[in-house]
1. Would you please give the residues with an amide H less than 5 Å from that of Leu12, counting only those at least 5 places away or on a separate chain, with H modeled from the backbone geometry?
2. Calculate, in nm to one decimal, what Ile63 and Asp145 gain on full extension: separation in residues at 0.36 nm each, minus their alpha carbon distance.
3. Could you tell me the relative contact order of the chain? Use alpha-carbon pairs under 8 Å, at least six residues apart, and round to a whole percent.
4. Between (1) 57, 47, 37; (2) 44, 31, 28; (3) 49, 37, 28, which entry matches Cα extents along the principal axes in Å as derived from the coordinates of this structure?
5. Sorting check: for 129-135, 169-175, 54-60, 144-150, which peptide has the highest mean count of neighbouring beta carbons within 10 Å, and how do the rest follow?
6. Using a simple spin-label model with points 7 Å from Cα along the Cα→Cβ vector, what separation in nm is obtained for Asp97 and Ala118?
7. For segment 43-57, list residues with backbone N below 20 Å from a point placed 7 Å from the Cα of Asp22 toward its Cβ?
8. Taking the Cβ of Gln73 as the center, what net charge do the other residues with Cβ under 15 Å away carry, scoring Lys and Arg +1 and Asp and Glu -1?
Amino acid sequence: MSAATPGPDGRLRCPWALSAPDYLDYHDEEWGRPLDVQGPEADRALFERLTLEAFQSGLSWLIILRKRPAFRQAFDGFEISRVAAFGPNDVERLLGDAGIVRNRAKIEAAVTNARAAAGLEEGLAAHVRSFAPAVAAPAPVSLADLASQTPQSQALARDLRKRGFRFVGPTTLHALMQATGIVNDHLAGCWRR
C-alpha cells in the first residue's frame, strides 16, 4: 500500500492515514491543510505544530497525537509569550507531567524556541511561510515519491538555528511544512489533495 488507498468510507487516502483511527482523523481534518488563522493565532498554531514535531523526533507521531491535549494544557495553549516566560520551575513541572513526553532537551528547546519566535518581527507563521517553494511540486504518486527534506526545509533549518531555535532539523521542518500545508504532499488521488 504505497499509493492512495480506499479508506473505510471508500475515499482514497494517503495509506499512512489508514493505520489507526487517530491518523484517519488527523489526515482528513488537519494534515496538509493551510492554517486557517492569521496574526497571533497563526503564530500560536504554528508554534504548537513546531513544538509537537520536535517532540515527535524519535517517536511515533501517534504518541504525540494522543498526548496532544495534555501538551496543550502543559504548555499554556502554546501561547508564545507564556511559554517564553517559562523558567526552571516550569521545566521541572513539565518533567513531572506524565501526560506529555518528558524529555528535558525537548522541553528546554520548546522554551528556547518560544523566546526566539517572540523575537521574529514578522511573526513565526509568516517567517516559516516565507520559505515555501516558489513552484509547487508535482503530486506524489506513492509514498516512495515523498522526500524527507527539501532545499526549502534545509534553508529554513539553517535560518531558524541562526535565530536561536533548537530541534529544528530539515526533516522536522519538512514535516512541519507538510502538516501545515506549506507543501502539499497528499498523494495523487487522495481525496484531500
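1. Amide H neighbours of Leu12, under 5 Å, 5+ apart: Gly7, Trp191.
2. Between Ile63 and Asp145, full extension yields 27.0 nm more.
3. Relative contact order, the chain: 31 percent.
4. Checking each listed value against the structure points to (3).
5. Numbers: 129-135: 12.6, 169-175: 21.1, 54-60: 16.7, 144-150: 14.1.
Ranking the peptides 129-135, 169-175, 54-60, 144-150 by packing returns 169-175, 54-60, 144-150, 129-135.
6. Result: 1.7 nm between the two label points.
7. 48-57
8. Working: positive: Arg44, Arg66, Lys67, Arg68, Arg72, Arg82, Arg93, Arg102; negative: Glu48, Asp76, Glu79, Asp90, Asp97.
Counting the neighbours of Gln73, the net charge comes to +3.
Every number in this text was worked out from the coordinates using simple rules, so none of it is lab data. On a predicted model such as this, the values are computed, not experimentally measured, just so you know. Quick reminder, even Gly has a Cβ in these numbers, built from the backbone with ideal geometry, and neighbours come from all protein chains shown.
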